[in-house]
Amino acid sequence: MAIHLRTLNEVLHSSNKKKTWGTKEYFINMGPQHPSTHGVLRFVLRLEGEVVKEIIPVLGYIHRGIEKIGESVSYRNFVHLTDRCDYLSSIINNWGVSKVVENAMQIETNERIETIRTIFAEIQRLQSHTLWWGVFAMDLGAFTPFLYGFRDREFLTSIVEDTCGSRLTMNYIQPGGVMYDIKPDFSTKIKNYIRYLRPRIDEYEQLVSNNIIIQKRTENVGILSKDDACSYGTTGPVLRASGVPLDLRKDHPYGMYGKVDFSVAVGSVGDCWDRYWVRIEEMRQSLNIIEQLIDNIPPGKHMVMKHTAKIKLPIGYHYDQVETARGILGVFVASDGKDSPYRIHLRSPNFNNLWSITKMAAGLKISDLVAIFSTLDIVMPDVDR
Amino acid sequence: MNKNIHNHVVVAPRLKYRNLIKTVFFAFSSIGSGMILTITYFFRSIFVSTVTMEYPEKKNNIKISDRFRAKLVLISDNLDSPHKCTGCKVCEKACPNKSIYIMSHKGVSTKIELKNFIWRLDSCTFCNACVIACPFEALDFQNNFEQAVYDRRLLIYNLNRYVGPPKSYISKIESSEKKASIMPSLKPYEKISLQEILGRC
Amino acid sequence: MTTYHIENFANIINNSYQTNIFTIFAYVLLIFIGILAYITLVALTLIYVERKVCAAIQCRIGPNRTGWWGLLQPVADAIKLVLKEKNSPLYCDKLLHFIAPMFCLGACLSSLLIIPFSHNIQVINLNVGILYWSAVSSLGILGILIAGWSSYNKWSLLGAIRSASQMLSYELSIILSIMVIVIYAGTLDVQKIVLSQLDGWWIFKGHIVTVISFLIFFVASVAELNRTPFDLPEGESELGAGFHTEYSGIQFGFFFLAEYINVFITSAIIVTLFLGGWLPFHLYGMLSFNNAMNGIHPIIWFFLKVSLIIFIIVWIRWTLPRLRIDQLIYLEWKFLLPLGLVNIVLSAISVLYSFHF
């Protein structure tokens with residue numbers, strides 16, 4: 001299926017402004033500063049009355065040149081830049097770059113490192129999804145779930161701060177291991193938190209999922225069929241909600257994902273309700289994964305490679321991918337054998353997920369647009385890098 | 001996809017179809033249960049405690065982890081127990097965006113000594129590379145996060161308090177006379193001008 | 001028992017002073033200043049209550065720095081609004097942009113005239129009290145439309161059109177549920193409606209019919225007030241600020257004030273019609289309890305009941321998400337309106353055959 005994208009100029013000049021009777025179409029700018037576009041994203045909407053006919057995202061407002069900076073810093077120093085791409089699941093981004101380096105240099109990490117990495121990746125997924133839940137409800141008009149989501153996220157943030165040293169940009173998973181070893185009281189804190197969060201997810205269901213207004217606003221709204229989802233290259237919960245059970249943790253397991261037992265949440269139709277439900281279920285499955293791993297952290301070293309060792313990837317192309325909270329992050333390195341990569345490219349999940357809105361929003365109203373965009377869970381710095 | 005993943009798949013349920021009367025009852029019950037949840041939090045906030053606390057008044061209740069990265073310091077940096085920095089500039093090379101400048105000179109000992117250790121808080125990303133890279137473990141991050149200033153120039157810190165040899169040199173001196181002869185050469189640092197720092201890069 | 005203020009004061013004026021235009025003018029000015037002072041007090045209290053209740057529901061503390069327990073926070077808000085710069089868009093329609101907030105404020109000021117605080121505390125007791133209120137409250141729609149149109153801003157226009165359609169539709173449901181109580185009480189006069197509840201509040205006396213009517217009135221009035229779950233016109237997540245995007249300073253303050261006064265007025269009308277107005281809470285047959293309840297002044301009863309309704313309105317705002325515009329209109333025209341009509345027929349039948357208590 002071919003996707004036809006038009007440039008902004010083409011769209012502006014092709015609308016039916018010459019009609020003399022009937023309703024005219026008009027352009028409106030849902031600008032870079034808008035409470036519900038989750039960052040600096042500009043939408044140019046072609047509306048007829050209240051109905052959206054076409055939507056054109058305009059990107060680039062937070063482009064910082066991360067990939068270009070990567071060409072002049074070493075691999076070890078590039079890891080902290082990936083924190084700032086998708087800042088809500090930053091440890092998983094670090095894992096992406098570390099994985100490429102380790103696979104290319106054929107460094108074997110031990111089980112302790114992989115267990116710790118998996119636990120922290122699932123913690124980040126929980127953090128990202130609780131924040132998403134709050135923001136989703138806030139976009140639809142209910143303001144209190146936002147604060148409930150932040151309250152639950154705060155406990156996790158303080159646990160992560162205790163181990164990693166920072167609250168948002170952790171720079172924790174380095175090539176060759178993790179930066180700090182976990183503290184002795186880590187397991188007890190995590191177990192307390194799991195016991196705290198399980199009833200909270202039921203409360204979330206009581207407040208938001210079982211609410212008739214949310215159900216009426218998300219059911220059969222913004223349907224993304226299987227073929228469309230695959231053509232646009234969406235990954236993560238967006239793809240899984242459309243019915244494709246692609247989860248990197250099950251298909252190409254890395255870390256300790258091959259050794260734990262969890263289910264993949266999949267939707268059936270691909271509307272907003274499915275995307276919402278898939279993320280709530282993913283939270284539950286993350287709790288299952290953490291529960292299975294937290295008691296059996298094997299002993300060992302937390303960093304296998306010396307920090308003075310030089311990282312030089314062999315000449316050629318290297319690619320590896322991880323499953324972040326929003327989709328598949330792919331790290332592609334073209335190396336010419338030197339200290340810093342010749343070209344490093346991050347395949348960001350949010351970029352592909354964002355463009356699927358051009359297909360979904362045609363024929364719907366502005367309120368539906370806000371609901372759809374909120375379930376896609378886009379973080380703009382990841383789109384623009 | 002080589003592995004059979006279809007036995008581990010949880011499919012989202014579709015919403016039940018309800019006719020008009022059931023919709024009305026469901027509306028009332030769902031809105032009612034949501035409201036009961038918020039009212040329990042309302043009474044909990046009034047009679048038990050809130051989740052937030054007032055910041056400058058109740059500062060002592062905040063527990064910041066000791067690994068939190070807020071301000072770079074040289075470990076034990078005073079005249080009684082000297083710092084360990086030798087001015088080797090490994091941290092300067094490890095820093096990804098040039099937030100550390102080391103100025104060194106040849107001092108009392110035979111090796112290179114530290115003269116000024118400049119750290120720029122306004123461009124540091126707190127990535128911890130310098131702490132890990134230091135071969136003498138001379139650096140550390142403290143966790144006092146109240147670093148806000150009114151003038152941006154105050155964010156350029158000079159970390160060392162004296163100019164002289166590191167701890168490894170001074171601790172080797174057993175005789176107190178020789179120590180006394182070196183001590184006068186340890187002087188507190190003098191202010192260094194911005195031009196000199198910026199001229200270096 | 002009802003005394004007309006003007007008659008009383010007119011007697012006093014006749015006996016003590018000469019009635020000329022100046023005393024009447026002074027009297028009207030006094031009433032006007034009194035009303036302004038009252039609405040300022042009400043608005044300030046409501047702003048504070050809303051913020052504190054919102055904070056408690058969200059497990060936070062709320063304003064607590066301006067004055068003891070944050071009591072001066074609304075005063076700080078008011079001072080901030082007054083001191084802000086007034087900037088209108090360049091190509092806006094200047095006259096309309098200027099007078100739009102006045103419609104909203106005028107509507108709610110006029111509605112305050114007939115609220116019965118107590119048996120002899122009321123500004124004026126018209127014999128068509130309720131009808132006057134439903135007529136005057138429609139002026140607010142005009143203010144919103146003018147504000148949206150004159151702002152020269154597509155987002156404001158969208159918000160204003162949504163709001164106008166929403167408020168027009170829900171006016172009908174309000175009038176239908178008022179009609180139920182008027183049929184039961186037999187009069188449009190507000191004080192007489194309160195007095196007809198001496199042997200029981202209408203929500204208990206006319207059991208099923210008035211309960212349905214109360215619910216319809218409640219839902220419709222929350223929609224009239226443009227509050228969540230019906231706050232699409234000022235939907236913050238979607239439109240920025242809706243129809244009052246281009247307003248700043250005291251003009252925005254007028255819209256803000258009008259919304260909070262309307263909350264108070266609507267709660268007062270609900271209390272008057274369904275919950276017994278200023279009458280105390282009596283239990284059937286418990287004489288000593290009833291006598292104790294009578295000891296409390298009626299105006300305190302009035303404010304207690306109004307506070308309860310206001311608390312429920314604020315509580316609903318911070319719990320529920322908002323409805324989409326077509327769901328709003330669907331709710332009104334396909335659900336509340338037929339229900340209201342059936343309700344009126346049922347109320348007429350129950351009055352004819354005395355099916356109520």
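Observations on the model:
- Hey, A:Asp228 within 21 Å of A:Leu354 (Cα to Cα), touching a residue at least 24 places away in the same chain (Cβ under 8 Å) and open to solvent by less than 50 Å² (accessible area, probe 1.4 Å) or not: yes
- Candidate set: the stretch A:172-193, residues that are closer than 15 Å to B:Arg67 by Cβ and part of a loop (DSSP other than H, G, I, E, B); chosen: the one least open to solvent (accessible area, probe 1.4 Å): A:Tyr172
- Taken over the stretch A:231-279, the criterion of being open to solvent by 20 Å² or more (accessible area, probe 1.4 Å) and either within 7 Å of chain B (Cβ to nearest Cβ) or not in a loop (DSSP other than H, G, I, E, B) (or both) is satisfied by A:Ser231, A:Tyr232, A:Pro245, A:Lys250, A:Gly258, A:Lys259, A:Ser263, A:Ser268, A:Trp277.
Matching residues to (1) assigned to a helix (DSSP H, G or I); (2) out of contact with any helix residue (DSSP H, G or I) (no Cβ under 6 Å at 6 or more places or on another chain):
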residue: C:Phe117; (1), (2): no, no
residue: C:Leu142; (1), (2): yes, no
residue: C:Ser177; (1), (2): yes, no
residue: C:Val182; (1), (2): yes, yes
residue: C:Asp199; (1), (2): no, yes
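- Members of the stretch A:288-307 that are polar (S, T, N, Q) and either in contact (Cβ under 8 Å) with a residue 40 or more places away in the chain or within 11 Å of A:Asn110 (Cα to Cα) (or both): A:Asn296
Listed here are the residues, each with its yes/no results for (1) in contact (Cβ under 8 Å) with a residue 40 or more places away in the chain; (2) small (Gly, Ala, Ser); (3) within 14 Å of chain A (Cβ to nearest Cβ).
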| site | (1), (2), (3) |
| --- | --- |
| C:Leu275 | yes, no, no |
| C:Gly295 | no, yes, no |
| C:Ile299 | yes, no, no |
| C:Val306 | yes, no, no |
| C:Phe311 | yes, no, no |
| C:Pro321 | yes, no, yes |
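- Looking across A:Thr169, A:Thr163, one residue alone is in a helix (DSSP H, G or I), facing another protein chain (nearest Cβ under 10 Å) and under 17 Å from A:Arg117 (Cα atoms). It is A:Thr163.
- Unique match (being over 18 Å from A:Thr235 (Cα atoms), without any contact (Cβ under 8 Å) to a residue 40 or more places away in the chain and out of contact with any Gly (no Cβ under 7 Å at 6 or more places or on another chain)) among A:Lys365, A:Lys310: A:Lys310
- In the stretch B:116-141, residue farthest from A:Glu161 (Cα to Cα) [restricted to those that are crowded, with 18+ Cβ neighbours inside 10 Å and more than 17 Å from the chain's Cα centre (by Cα)]: B:Asn116
- Any hit, the stretch C:339-354, residues being surrounded by fewer than 16 Cβ atoms within 10 Å (Cβ to Cβ), under 18 Å from the mean Cα position of the chain (by Cα) and not aromatic (Phe, Trp, Tyr): no
- The stretch C:138-165, subset within 16 Å of C:Gln251 (Cα to Cα) and open to solvent by 50 Å² or more (accessible area, probe 1.4 Å), residue farthest from the other protein chains (Cβ to nearest Cβ): C:Leu142
- Of A:Arg198, A:Arg151, all but one fail to be over 22 Å from C:Arg227 (Cβ atoms), open to solvent by 10 Å² or more (accessible area, probe 1.4 Å) and within 14 Å of chain C (Cβ to nearest Cβ); the exception is A:Arg151.
- Per this entry, A:Gly316 is not counted among residues that are open to solvent by 30 Å² or more (accessible area, probe 1.4 Å) and at positive phi.
- Helices (runs of 4 or more DSSP H) wholly inside the stretch C:211-319 containing at least 1 residues that are within 30 Å of C:Val342 (Cα to Cα): C:250-274, C:298-317
- Of the residues screened, C:Ile47 is one that is more than 14 Å from chain A (Cβ to nearest Cβ), open to solvent by less than 60 Å² (accessible area, probe 1.4 Å), at pLDDT 90 or above and under 27 Å from C:Arg317 (Cα atoms).
- Identity of the residue in the stretch A:185-195, free of Cβ contacts under 8 Å to residues at least 40 places away in the same chain and away from chain B (no Cβ under 14 Å), that ends up farthest from C:Thr319 (Cα to Cα): A:Thr188
- Just one of (1) more than 16 Å from A:Ile311 (Cα to Cα); (2) in contact (Cβ under 8 Å) with a residue 24 or more places away in the chain fails for A:Ile69. It is (2).
- Unmet criterion (only one of (1) under 30 Å from C:Tyr330 (Cβ atoms); (2) more than 9 Å from chain B (Cβ to nearest Cβ)) for A:Val304: (1)
For every residue, the table says whether it meets (1) over 22 Å from A:Ile213 (Cβ atoms); (2) open to solvent by less than 10 Å² (accessible area, probe 1.4 Å); (3) away from every other protein chain (no Cβ under 14 Å).
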residue: C:Ile175; (1), (2), (3): yes, no, yes
residue: C:Val180; (1), (2), (3): yes, yes, yes
residue: C:Tyr184; (1), (2), (3): yes, no, yes
residue: C:Gln191; (1), (2), (3): yes, yes, yes
residue: C:Asp199; (1), (2), (3): yes, no, yes
residue: C:Lys205; (1), (2), (3): yes, no, yes
residue: C:Ile212; (1), (2), (3): no, no, no
residue: C:His244; (1), (2), (3): yes, no, yes
residue: C:Ser267; (1), (2), (3): yes, yes, yes
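- The lone criterion from (1) touching a residue at least 24 places away in the same chain (Cβ under 8 Å); (2) open to solvent by 30 Å² or more (accessible area, probe 1.4 Å) left unmet by C:Ser288 is number (1).
- Applying the condition of being within 14 Å of chain C (Cβ to nearest Cβ) and in a loop (DSSP other than H, G, I, E, B) to the stretch A:327-383 and asking which residue is surrounded by the most Cβ atoms within 10 Å (Cβ to Cβ) yields A:Ala361.
- Flag for C:Val314 being within 20 Å of the chain's Cα centre (by Cα) and crowded, with 23+ Cβ neighbours inside 10 Å: no
- Looking across B:Lys93, B:Lys59, B:Lys84, one residue alone is charged (D, E, K, R), more than 10 Å from every other protein chain (Cβ to nearest Cβ), open to solvent by 60 Å² or more (accessible area, probe 1.4 Å) and in contact with a helix residue (DSSP H, G or I) (Cβ under 9 Å, 6 or more places away or on another chain). It is B:Lys84.
Rundown of residues vs (1) more than 14 Å from chain A (Cβ to nearest Cβ); (2) crowded, with 18+ Cβ neighbours inside 10 Å; (3) outside any helix (DSSP H, G or I); (4) basic (Lys, Arg), yes/no style:
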| residue | (1), (2), (3), (4) |
| --- | --- |
| C:Val53 | no, yes, no, no |
| C:Cys59 | no, yes, yes, no |
| C:Val75 | yes, no, no, no |
| C:Pro89 | yes, no, yes, no |
| C:Met102 | yes, no, no, no |
| C:Leu105 | yes, yes, no, no |
| C:Ser110 | yes, no, no, no |
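- Residue count for the stretch A:110-142, restricted to those that are surrounded by fewer than 21 Cβ atoms within 10 Å (Cβ to Cβ) and without any contact (Cβ under 8 Å) to a residue 60 or more places away in the chain: 1
The values are calculated or read from the model by the stated rules, or taken from the named source; none is laboratory data. What you see is a predicted model; the values in this text were computed from it and never measured. Please note: Cβ atoms are built from the backbone with ideal geometry, for glycine as well, and neighbour counts cover all protein chains shown. These accessible areas exclude ligands, DNA and RNA; they are computed on the full protein's heavy atoms, side chains included. Shrake-Rupley method; radii C 1.70, N 1.55, O 1.52, S 1.80 Å.
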